[in-house]
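The values are calculated or read from the model by the stated rules, or taken from the named source; none is laboratory data. Here the structure is a predicted model, which is why all the values come from computation and not from measurement. A quick note on method: Cβ atoms are made from the backbone with ideal geometry, for glycine too, and the neighbour counts reach across all protein chains shown.
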Amino acid sequence: MILIEDPQYISNRLDSMGPNFDAYYYSNELAYVWQNEIGQRVNYTDNTGMVLISTANTNLDGTGTLGTVLTAASSGTLIRTITIKAIGTTTKGMVRLYIEDSGGTNTDIVAEIEIPAVIPSGTRQAFSTVLEVDYVLENTYKLRVSTQNAESFVVIAEGLNIAFP
C-alpha cells in the first residue's frame, strides 16, 4: 500500500473524482466516501491484490492452476484497474481472467489478454498492460488469473472495498 500524505495531491484527486467525494484517513489507509444523490453514504477503502503466475494452463473453463489476485469484501469490491506485467521474455499467448463465486463452485472466464512475443533488453521493456475495468466484484467473489504459457507474470488489481455505514 502507498500512503500519500500530500494534501494537494488528495485535493486534486478528489476534484477529479467529482463533487460528491470526501477523503478520510483510517489506520493509515486513505478512504474515499461517496455521498450519492439520495443521501446514502458509501465508504471505500483500498484493496489491492497481487499474484505471481507462471504455471501453464490452456483450459478456458476455470480448471487447472489459477492464481487469486483479489478477494472481494463482504459488501463487494470495485476493481478499478488490473495491471499485467511480464517478468522476462514472453512468447505469443494469453493471460486469462476469471471470476470465481463465493462458494468456489463456478469459475467463469471474463477476459483474455493477448500476450505478444517480446524479448526484453536494455532498449525494450517487457510486456506490460493496464486494464481500466471499473467492475464490482460481488461479496467474497474472487478475481483469478492464469497464463497459457509457462511464463511469469505479476498481476495486480487495484480496488476499493465497498461499505455502507
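Determine if segment 123-133 includes at least one residue that is under 16 Å from ILE156 (Cα atoms) and among the polar types (S, T, N, Q).
Checked segment 123-133: at least one residue is under 16 Å from ILE156 (Cα atoms) and among the polar types (S, T, N, Q).
Residues of segment 58-84 being out of contact with any Gly (no Cβ under 9 Å at 6 or more places or on another chain) and among the charged types (D, E, K, R), which ones?
Listed by number, the list holds a single entry, ASP61.
Of all the residues that make up segment 119-157, how many are within 21 Å of SER54 (Cβ to Cβ), in contact with a Gly (Cβ under 9 Å, 6 or more places away or on another chain) and of a type in the set (S, T, N, Q)?
Qualifying residue count for the region: 5.
Say whether the condition of being outside any strand (DSSP E or B) and under 14 Å from the mean Cα position of the chain (by Cα) is met by at least one residue in segment 94-105. Step through it out loud before you land on a result.
Initially, segment 94-105 is screened for residues outside any strand (DSSP E or B), giving 101-105.
Filter again for under 14 Å from the mean Cα position of the chain (by Cα), leaving none.
Checking segment 94-105: not a single residue is outside any strand (DSSP E or B) and under 14 Å from the mean Cα position of the chain (by Cα).
Going through segment 45-64 one residue at a time, which ones are loosely packed, with under 14 Cβ neighbours inside 10 Å and among the charged types (D, E, K, R)?
Residue satisfying the conditions is ASP61 alone.
If you go through segment 104-147, how many residues are more than 15 Å from LYS85 (Cβ to Cβ), crowded, with 16+ Cβ neighbours inside 10 Å and touching a residue at least 60 places away in the same chain (Cβ under 8 Å)?
Of the residues in segment 104-147, 7 are more than 15 Å from LYS85 (Cβ to Cβ), crowded, with 16+ Cβ neighbours inside 10 Å and touching a residue at least 60 places away in the same chain (Cβ under 8 Å).
Among the residues that make up segment 14-31, is at least one of them modelled with pLDDT under 85, outside any strand (DSSP E or B), touching a Leu at 6+ places or on another chain (Cβ under 7 Å) and on the phi > 0 side of the Ramachandran plot?
First, pick out the residues of segment 14-31 that are modelled with pLDDT under 85: 14-31.
Right, trim to outside any strand (DSSP E or B) and you get 14-20, 27-28.
Narrowing the set further to residues that are touching a Leu at 6+ places or on another chain (Cβ under 7 Å) leaves 28.
From what's left, on the phi > 0 side of the Ramachandran plot: 28.
Among the residues of segment 14-31, at least one is modelled with pLDDT under 85, outside any strand (DSSP E or B), touching a Leu at 6+ places or on another chain (Cβ under 7 Å) and on the phi > 0 side of the Ramachandran plot, which makes the answer yes.
Could you run through segment 44-66 and say how many residues are outside any loop (DSSP other than H, G, I, E, B) and farther than 18 Å from SER102 by Cβ? Before you say what the answer is, go through the steps one by one.
Going through segment 44-66, the residues outside any loop (DSSP other than H, G, I, E, B) turn out to be 44-53, 56.
Of the ones still in play, those that are also farther than 18 Å from SER102 by Cβ are 44-46, 48, 50-53, 56.
Total meeting the criteria: 9.
Given the residues GLY88, GLY67, which is the only one that is surrounded by 13 or more Cβ atoms within 10 Å (Cβ to Cβ), closer than 30 Å to VAL42 by Cβ, out of contact with any Pro (no Cβ under 6 Å at 6 or more places or on another chain) and at pLDDT 95 or above? Spell out how you get there, then give the answer.
Values: GLY88 fails: closer than 30 Å to VAL42 by Cβ.
Exactly one residue qualifies, and that residue is GLY67.
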